[in-house]
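Reviewing the structure listed below.
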Amino acid sequence: MYTLTNCQFTYSFDNLSQAFTILESKSHSIMLHVTTESRRQNEWGNILKSNSNGTYYRLSLPYVKRDERGYVDFDKMQGIQGIALANIVKNPDEFNLGAEKQIASKITYNDGKLSDRVFFFFPTHYLLFYPV
């Protein structure tokens, strides 16, 4: 038998969200993408992460890209627990004023706490990118 309970969000929503997408998670928590900008072909939102029973949510990563079909630019690495990649909109305020959208990649190594640095490995060398 299941019992329904209310959820608590540490993040306040400025406007009513247009879509919710549950993302893959194998760490006894829920990763939830909440769409906050829904203009066609310019969608993005925030990723929230829950506690172990799914009743308390905190902001994990803001401005995460998604498409009009609801696919979020967020991927978990298969076979490596806790590693995930996400693409974010770097300049949401400037973009809303007419500037070109800029995209940046973020990586988490501990299932939701995202780093400012993104590491890429190639067989012959390493590349280290710092977001501007």
Glu100 versus (1) free of Cβ contacts under 8 Å to residues at least 24 places away in the same chain; (2) in contact with a Gly (Cβ under 6 Å, 6 or more places away or on another chain): which is the lone unmet condition? (2)
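Here is a yes/no grid of residues against (1) at pLDDT 80 or above; (2) surrounded by 11 or more Cβ atoms within 10 Å (Cβ to Cβ); (3) closer than 29 Å to Asn96 by Cβ; (4) not hydroxyl-bearing (Ser, Thr, Tyr):
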{"position": "Asn6", "(1), (2), (3), (4)": "yes, no, no, yes"}
{"position": "Ser25", "(1), (2), (3), (4)": "no, yes, no, no"}
{"position": "His33", "(1), (2), (3), (4)": "yes, yes, yes, yes"}
{"position": "Arg40", "(1), (2), (3), (4)": "no, no, yes, yes"}
Restricting attention to segment 14-60, report how many residues are under 15 Å from the mean Cα position of the chain (by Cα) and either farther than 25 Å from Asn91 by Cα or part of a strand (DSSP E or B) (or both). 26
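Which residues, counting only those in segment 61-104, are in a strand (DSSP E or B) and modelled with pLDDT under 85?
Of everything in segment 61-104, those that are in a strand (DSSP E or B) and modelled with pLDDT under 85 turn out to be Lys76, Ala84.
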Would you check if there is a residue in segment 49-60 being of a type in the set (Gly, Ala, Ser), surrounded by 20 or more Cβ atoms within 10 Å (Cβ to Cβ) and touching a Gly at 6+ places or on another chain (Cβ under 6 Å)? yes
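Name the residues in segment 75-84 that are surrounded by 15 or more Cβ atoms within 10 Å (Cβ to Cβ) and not basic (Lys, Arg), would you?
Let us first name the residues in segment 75-84 that are surrounded by 15 or more Cβ atoms within 10 Å (Cβ to Cβ), namely 76, 83-84.
Passing the criteria: Ile83, Ala84.
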Pair list, Cβ < 6 Å and 6+ apart or interchain, from segment 1-22 residues that are farther than 17 Å from Val64 by Cα to residues that are surrounded by 10 or more Cβ atoms within 10 Å (Cβ to Cβ) and modelled with pLDDT of 80 or more: Thr5/Thr55; Cys7/Thr55; Gln8/Tyr56; Phe9/Tyr57; Thr10/Arg58
Selection status of Val72, touching a His at 6+ places or on another chain (Cβ under 6 Å) and either without any contact (Cβ under 8 Å) to a residue 40 or more places away in the chain or surrounded by 14 or more Cβ atoms within 10 Å (Cβ to Cβ) (or both): yes
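The values are calculated or read from the model by the stated rules, or taken from the named source; none is laboratory data. Bear in mind that the values here come from a model prediction, so they are computed numbers and not experimental data. Neighbour counts are summed over all protein chains in view; Cβ atoms, including those assigned to glycine, are modelled from backbone coordinates with ideal geometry.
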